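Q: Input: one structure, supplied below.
Values quoted throughout were computed directly from the atomic coordinates according to the rules given, and no laboratory measurement underlies them. From a predicted model like this one, the values you see are computed outputs, not experimental measurements. Using ideal geometry, Cβ is built from the backbone for each residue, glycine included, and neighbour counts are taken over all protein chains shown.
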Amino acid sequence: MENQKILADYDRQFSWHNYNISQTNEKALFVNILADLCSLIEEPTHSKGRKPTKTRDVIFSIVMQQYLNTSSRRVQSDLKLFKEANFIDSEIPFNTLLDHLERPELKYILKELIEISSLPLKQIELDFAIDSTGFGTSRYKTFFNMKHMGEGKWKQYRKCHAVCGIKSNIITSVDITEGYVNDQTQFIPLAEDTARNFKIRDFCADKGYLSSHNFRLIKELGGQAFIPFKKNTSGNSSDNERSYFRSAFRFFKQNKESYMKHYHKRSNIESAFSMIKRRFGNNVKCKKETSQDNEILAKVLAHNLCVLAQELFLNNISLDFNFHTKRYIARN
């Protein structure tokens, strides 16, 4: 009942006046929210030699670069101002910033920060959607593949798999893979990552995720999967694995309009990807895969912080990350 009241209030409270205030103050809010979030990062112990650049400064600089949608060289003047304002302890040179993007451990830190940044909307988000989108790179397949394997001149890309809340388009779980990885492989880990910190009611996906195992998983996580069925689907199998699949198929056949109304919430993940790409670019500039993954994750985190800046005015959410971190359930 409490969640229903919160959701009802959410639907009623949209205000263009508050939205305009959030947008005109977004940049200042973004910097402060990012600094608060980065303050949660624990620095590794250091005993000998020159002290390394703090990880929180690296994350702050990388995410600000994506938010400003500029190069590592052009962001230098902004980083100087942020250092003078005590948001960071050190101004990172552009070539050093690019070196930091190659650190593989940043991928896990960024993914965790993305999950923590979604927690202020825990009481609002009950329905979720999953999908993937590609980010272009500057790399192509090798000459050998083009000449001898008949693959042609094909540009390589990285694929971002994500789950978003359908009310605000906040990203609740994410992973980055090679561009040709099947979407099905990411359904289970991303759904389980979302379920660690959110209560799931509806979980929407397109036909690419149609699987009896996916229906069973979401049911076991406390929700209901809404995935459109193919024309040749019969739902006649009698094994236990497909019992939830048969139940969903029966509901689809008897209440198709209602079923599709739930399913069409899936369009919000497309909206979330569009928001990320329009604001922060649909290509990555780095050449190494680790750097590309970190670059994409920084875009996703920047998107989440923009959502929080908006929801702060629209729904008066709490941005006490110390409070939310204590209730955050991390990966094993």
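Q: Mind checking the full-extension length gain between SER267 and GLU105? Use 0.36 nm per residue of separation minus the Cα-Cα distance, one decimal, nm. Intermediate results must be reported in sequence, preceding the final value.
A: Values: separation 162, 0.36 × 162 = 58.32 nm, distance 3.23 nm.
Gain in length upon complete extension: 55.1 nm.
Q: Please get the size of the charge dipole for the stretch 172-318, origin at its Cα centre, with Cβ charges of +1 on Lys and Arg and -1 on Asp and Glu, quoted in debye to the nearest 20.
A: On the way: 23 positive and 16 negative charges, 117 e Å.
The calculation lands at about 560 debye.
Q: What are the ³J(HN,Hα) couplings of the stretch 305-313, residue after residue, when phi is run through the Karplus curve with 6.51, -1.76, 1.60 and θ = phi - 60°? Round to Hz, x for glycine and proline.
A: Computed from phi, the couplings for the stretch 305-313 are 5, 5, 4, 4, 4, 6, 5, 4, 8 Hz.
Q: How large is the charge dipole for the stretch 14-326, taken about the Cα centre, if only the Cβ atoms of Lys, Arg (+1) and Asp, Glu (-1) carry charge, to the nearest 20 debye?
A: The dipole magnitude comes to about 1000 debye.
Q: What number results when the radius of gyration of the chain, computed over Cα atoms, is divided by 2.2 N^0.38 Å?
A: On the way: Rg = 21.4 Å, N = 332, 2.2 N^0.38 = 20.0 Å.
Against the compact-globule rule of thumb, the ratio is 1.07.
Q: For GLY223, what charge total do you get from the other residues with a beta carbon under 13 Å from its beta carbon, if Lys and Arg give +1 and Asp and Glu give -1?
A: 0
Q: Distance from the Cα centre of the stretch 160-174 to that of the stretch 219-235, in angstrom?
A: 20 Å
Q: Counting only Cα, what are the radius of gyration and maximum Cα-Cα distance Dmax of the stretch 285-332, in Å?
A: In Å, with Rg to one decimal and Dmax whole: 14.6, 41.
Q: Using a ≥ b ≥ c from the Cα gyration tensor of the stretch 176-216 (square roots of the eigenvalues), is it rounded, prolate or oblate, where a/c under 1.5 gives rounded and otherwise the larger of a/b and b/c decides, a/b for prolate?
A: Working: a/c = 2.31, a/b = 1.35, b/c = 1.71.
Oblate is the answer for the stretch 176-216, as a/c is 1.5 or above yet b/c matches or exceeds a/b.
Q: Taking the DSSP beta bridges in the chain as the whole, what percent of them are antiparallel, to the nearest 5?
A: Antiparallel bridges make up about 70 percent of those DSSP assigns within the chain.
Q: Which longest uninterrupted range of the chain lacks any trypsin sites (Lys or Arg not before Pro) assigned by DSSP to a loop state (not H, G, I, E or B) and surrounded by at most 14 other Cβ atoms within 10 Å?
A: 75-140
Q: Right, another one. Quick one: which residues, 5 or more positions from ASP131 or on another chain, have an amide H under 5 Å from its amide H? H modelled 1.01 Å from N in the peptide plane, none for Pro or chain starts.
A: When sequence neighbours closer than 5 places are left aside, the close amide H contacts are ALA162.
Q: Using all Cα-Cα distances in the stretch 246-307, what percent lands in each 10 angstrom bin from 0 up to the longest?
A: Using 10 Å bins, I get a P(r) of 19, 31, 20, 19, 10, 0 for the stretch 246-307.
Q: Count the net charge of all other residues whose Cβ sits under 12 Å from the Cβ of GLY281, scoring Lys and Arg as +1 and Asp and Glu as -1.
A: Surrounding charge for GLY281 is +4.
Q: How would the stretch 69-126 be classified by its alpha-carbon gyration tensor: rounded, prolate or oblate, with rounded meaning a/c under 1.5 and the a/b versus b/c comparison settling the rest?
A: Prolate shape, in that a/c is at least 1.5 and a/b is the bigger ratio.
Q: So between HIS213 and ILE21, what do we pick up on full extension, going 0.36 nm a residue minus the alpha carbon distance?
A: Taking HIS213 through ILE21 to full extension adds about 64.6 nm, to one decimal.
Q: Still on this structure, please answer the following. Which pairs break 26 Å Cα to Cα here: LYS27/LYS277; LYS199/LYS265; LYS27/LYS287; LYS51/LYS326; LYS207/LYS287; LYS122/LYS261?
A: Numbers: LYS27/LYS277 18 Å; LYS199/LYS265 17 Å; LYS27/LYS287 29 Å; LYS51/LYS326 29 Å; LYS207/LYS287 33 Å; LYS122/LYS261 23 Å.
The answer is LYS27/LYS287; LYS51/LYS326; LYS207/LYS287.
Q: Moving on. If you build a Gaussian network model of the chain, linking Cα atoms that sit under 10 Å apart, which residue out of TYR19, TYR209, TYR157 swings the most?
A: Of the options given, TYR19 has the highest mean-square fluctuation.
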